[in-house]
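Undergrad: Below is the structure I would like to discuss, written out as structure tokens.
The values are calculated or read from the model by the stated rules, or taken from the named source; none is laboratory data. Predicted model, so just to flag it, every value in this text is computed and none were measured. Note: accessible area is taken over every heavy atom of the protein model, side chains too, but ligands, DNA and RNA are not part of it. Shrake-Rupley method; radii C 1.70, N 1.55, O 1.52, S 1.80 Å.
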Amino acid sequence: MAHGQGSLSQDNTQVHDDSPLTRLDMLRFARRVVEQQTVRQLALIDRWIADEERREYEQRRGQERLEAFVPVPGALRGRTACA
């Protein structure tokens with residue numbers, strides 16, 4: 001085995017040994033870290049998008065309900081109140 005190389009697990013990641021890490025090992029590690037952070041950040045952004053879509057839907061729904069109950073100007077003219 002070459003210096004700095006540990007044995008590889010089934011998913012091709014290095015199993016810990018006492019050899020120092022090579023530049024390639026460090027680059028692969030950095031890539032995994034960036035990939036994990038990216039996945040988490042995308043999930044967070046997707047939640048923000050879903051939250052905003054929900055807020056917009058609720059706002060539109062509330063506006064539509066309000067418009068359904070607001071009388072049209074002049075619609076009540078000529079009506080007498082029941083006593």
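Undergrad: Could you sort Asp18, Asp25 by their accessible area in this structure, using a 1.4 Å probe and putting the largest first?
TA: Correct descending sequence by accessible area is Asp18, Asp25.
Undergrad: Return the sequence-ordered ³J(HN,Hα) values of region 18-35 in whole Hz as given by the Karplus equation 6.51 cos²θ - 1.76 cosθ + 1.60 applied to θ = phi - 60°, using x for Gly and Pro.
TA: Coupling constants for region 18-35: 8, 6, x, 6, 8, 4, 5, 4, 5, 5, 5, 4, 4, 5, 4, 4, 4, 4 Hz.
Undergrad: Accessible area, 1.4 Å probe, largest first: how do Thr38, Thr22 sort?
TA: Greatest to least solvent exposure: Thr38, Thr22.
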